[in-house]
Amino acid sequence: MIHKLIDHFYDLEWGGTLDTLALLLLYSGLIRFMYLIFSGYGEWFQWLMVGTFLTMAFIWLSWRILQPLFSEASIPSHCLLELDLPPTVKTEPKILLGYCCLSGRPLHLTKDEIMRHILMVGQSGVGKTNLAFLMFDQQIQNRGGMIFIDGKIDYQNIEKLWNLAEKYERGKDFFILQPDDPSISHTYNPILFGDADEKADALMLLIPDTEQNAGADYYKQEAKQALTCILQALQAAKIAYHLMDLAILLSVPKALLDLEQQLAFCQPNGRELKELQFFMDKFSVTGSHRIDVKKLREVLGGISGRLFSLGSGHFGQIMNVYEPQVKLLELVLQNKILYVALPTMGKDTSAKNFASLFIADLRTVIANLQKKLPEDRPNPPFLVFCDEAGSYVNASWGRIPEQARSAHIAFVPAVQTNANFQAVSHELHQMIVGNSWVKIFFKLGNQETALEIAELIGKSKRVKRAKTILQTMGKSKPMVGPLPQVQWANGHSLSWVESEDEQYTVSPDDLKKLPPGECLVLVGGEKLYHLKVPFLDDLSLGLDKGKLHEYIKQGIPSPLSEEWQPAHYFAELNTYIYQ
């Protein structure tokens, strides 16, 4: 401790109002004290004034020198950073993030800070998911709603979230989309509800970017027109549909002609019928009301194949439904709990396509919530946590942090490096980073990301000290003399040089040295906190699949309106192929 005090004394940066005032009080007090001593007289108030000056100066200077004794870390840390101290919460806390390593104070986020979005960056296994479950615990306890999109299938995460819901007696609010295991999944149709243009745009996300390829872009635009016309026609005719129905309508002429007939019967003079007929005319055989199958499949076979691959297999078992159990808008408005598992390791393409449709559906929900009155939007704010977001992020994410706040949606993406966003586009990276009010940094393993985050946190002016020690020794003797004489000379000098320099508030090396469970939290680009995240009690108590099955059965699908009829194009495929 003595060595620590000595090092602290040499590293002290003297200056500022209080230090200057204390030194002036000390100097004036000592001068007055010496005068009173040598003069041999003085009134009592003069002695009181001198004593007050010296006492005040002594207290402040002692505090500055002995500060390490009073500022020991309340929470042990191998990488203690003396940053800002969390403010004292005067109102009811909203979301606890952790405890300051220096003071032990808790750091809470307010409702407004949560709605301005949170970005998490850190290596795998350093505490991102643990912090997420700490937030989930409070969100579920506060009767709020949430979505957890997991970029991997981890049954422990399913168990933990399920047991959290049971812990607060909200098991009936728990929904799960598990495309890899339909037996424990609710059903979901992301394209059935909503505006036809929005759903067509969402489906176009399944096609890679074609701006640099004029030929490919032509087919993409044709596919966009086809999807828009067909979706408008289905909705106008009040026909419920799913992915496989769309795939068949894009590749089987008889099914497309059947849709035209049903729409002509329902709305013979409608705009949707005219647009559908105009689209079909591109593929008609000259002089007849027949469609050229070869031409239809050449132009639309690509999008049809992508819809078929996503609508088949296990994914199709939960998506090819006309009465889905999960309606995202209702789920958000009713503050439900949804876990979405993405098998990105084994089924990368299908998982990414599923995530694209889900995020597009979320954008539709945000657009609908923006149209509602503020009091009709989710309260507390609805939480959307995207774990391992780098494995399924796409260009459509950029608008979410820009506009979700007005819908009372808190967006929380978590990645391992910033390269996950930059791989999509530099613009997306800037949108997500720039629109995240709270940024949480765990241990980083990438120098480039660490350097970028150090730059983002910023620099501060610090005093740079340099100590120079010069020691000389020499001897001399006269050239001519009766006796040999030698004179020795020694010299020693010590000098200090101080300069003010800008340095990283937190260096890239500090970011890479953070222990697991500790993080830096940057709030509003101004306040920076060093926190220890507490671990929740073990929630991996096993997954009671029997009980979960019962809840899934109780989640009865919303029945179709009496005016709507199922398409059944997939169920009756043989009829249209061999007709």
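The values are calculated or read from the model by the stated rules, or taken from the named source; none is laboratory data. This is a predicted model, so every value here is computed, not measured. Here the Cβ positions follow ideal geometry from the backbone for every residue, glycine too, while neighbour counts run over all protein chains shown.
Consider the range 272-288. How many of its residues are in contact (Cβ under 8 Å) with a residue 12 or more places away in the chain and either in contact with a strand residue (DSSP E or B) (Cβ under 6 Å, 6 or more places away or on another chain) or over 16 Å from residue 222 (Cα atoms) (or both)?
Residues flagged as in contact (Cβ under 8 Å) with a residue 12 or more places away in the chain and either in contact with a strand residue (DSSP E or B) (Cβ under 6 Å, 6 or more places away or on another chain) or over 16 Å from residue 222 (Cα atoms) (or both) within the range 272-288 amount to 3.
When the residues of the range 287-309 are filtered to those that are outside any helix (DSSP H, G or I) and closer than 16 Å to residue 257 by Cβ, which remaining residue is modelled with the highest pLDDT?
In this case the residue turns out to be 291.
Just need a number here: residues in the range 92-107 that are of a type outside the set (Ser, Thr, Tyr), part of a strand (DSSP E or B) and buried (at least 17 other Cβ atoms within 10 Å of the Cβ).
Here the count works out to 6.
Looking for whichever is modelled with pLDDT of 90 or more, under 21 Å from residue 121 (Cβ atoms) and not hydrophobic (A, V, I, L, M, F, W, C) here; the options are 387, 376. Which one fits?
Selected residue: 387, the only one of 387, 376 that is modelled with pLDDT of 90 or more, under 21 Å from residue 121 (Cβ atoms) and not hydrophobic (A, V, I, L, M, F, W, C).
Checking residue 166 against (1) free of Cβ contacts under 8 Å to residues at least 24 places away in the same chain; (2) part of a loop (DSSP other than H, G, I, E, B): exactly one of these is not met. Which one?
It fails just one condition, (2).
Between a first residue in the range 342-363 that is closer than 17 Å to residue 307 by Cα and a second residue that is of a type in the set (Ser, Thr, Tyr) and not in a helix (DSSP H, G or I), which pairs have beta carbons less than 8 Å apart while being 6 or more apart in sequence or on different chains?
351/344; 351/392; 352/344; 352/392; 355/392; 356/392
Looking at 349, 344, can you tell me which residue is in contact with a Gly (Cβ under 9 Å, 6 or more places away or on another chain) and not hydrophobic (A, V, I, L, M, F, W, C)?
Answer to the selection: 344.
Restricting attention to the range 358-414, and to residues there that are under 25 Å from residue 441 (Cβ atoms) and of a type in the set (Ser, Thr, Tyr), which single residue is surrounded by the fewest Cβ atoms within 10 Å (Cβ to Cβ)?
The selected residue is 391.
Would a scan of the range 145-157 turn up a residue that is modelled with pLDDT of 90 or more, under 22 Å from the mean Cα position of the chain (by Cα) and part of a loop (DSSP other than H, G, I, E, B)?
yes
Exactly one condition in (1) within 29 Å of residue 423 (Cβ to Cβ); (2) in a loop (DSSP other than H, G, I, E, B); (3) in contact with an Asp or Glu (Cβ under 8 Å, 6 or more places away or on another chain) is not met by residue 367; state its number.
Against the list (1) within 29 Å of residue 423 (Cβ to Cβ); (2) in a loop (DSSP other than H, G, I, E, B); (3) in contact with an Asp or Glu (Cβ under 8 Å, 6 or more places away or on another chain), residue 367 comes up short only on (2).
Of the conditions (1) within 23 Å of residue 144 (Cβ to Cβ); (2) touching an Asp or Glu at 6+ places or on another chain (Cβ under 8 Å); (3) of a type in the set (A, V, I, L, M), residue 415 satisfies every one except a single condition; which number is it?
Of everything listed in (1) within 23 Å of residue 144 (Cβ to Cβ); (2) touching an Asp or Glu at 6+ places or on another chain (Cβ under 8 Å); (3) of a type in the set (A, V, I, L, M), residue 415 misses just condition (1).
So, in the range 413-461, how many residues would count as being touching a helix residue (DSSP H, G or I) at 6+ places or on another chain (Cβ under 8 Å) and either in a helix (DSSP H, G or I) or of a type in the set (A, V, I, L, M, F, W, C) (or both)?
28
From the set of residues in the range 335-364 that are assigned to a loop (DSSP other than H, G, I, E, B) and under 23 Å from the mean Cα position of the chain (by Cα), which is farthest from residue 143 (Cα to Cα)?
345
Just need a number here: residues in the range 259-298 that are out of contact with any helix residue (DSSP H, G or I) (no Cβ under 7 Å at 6 or more places or on another chain) and either buried (at least 17 other Cβ atoms within 10 Å of the Cβ) or aliphatic (A, V, I, L, M) (or both).
Qualifying residue count for the region: 3.
Sort out which residues of the range 304-322 are more than 19 Å from residue 177 (Cα to Cα) and touching a Leu at 6+ places or on another chain (Cβ under 6 Å), and write them in order of number.
304, 306
So in the range 233-244, with the set limited to residues that are within 35 Å of the chain's Cα centre (by Cα) and part of a helix (DSSP H, G or I), which one is surrounded by the most Cβ atoms within 10 Å (Cβ to Cβ)?
243
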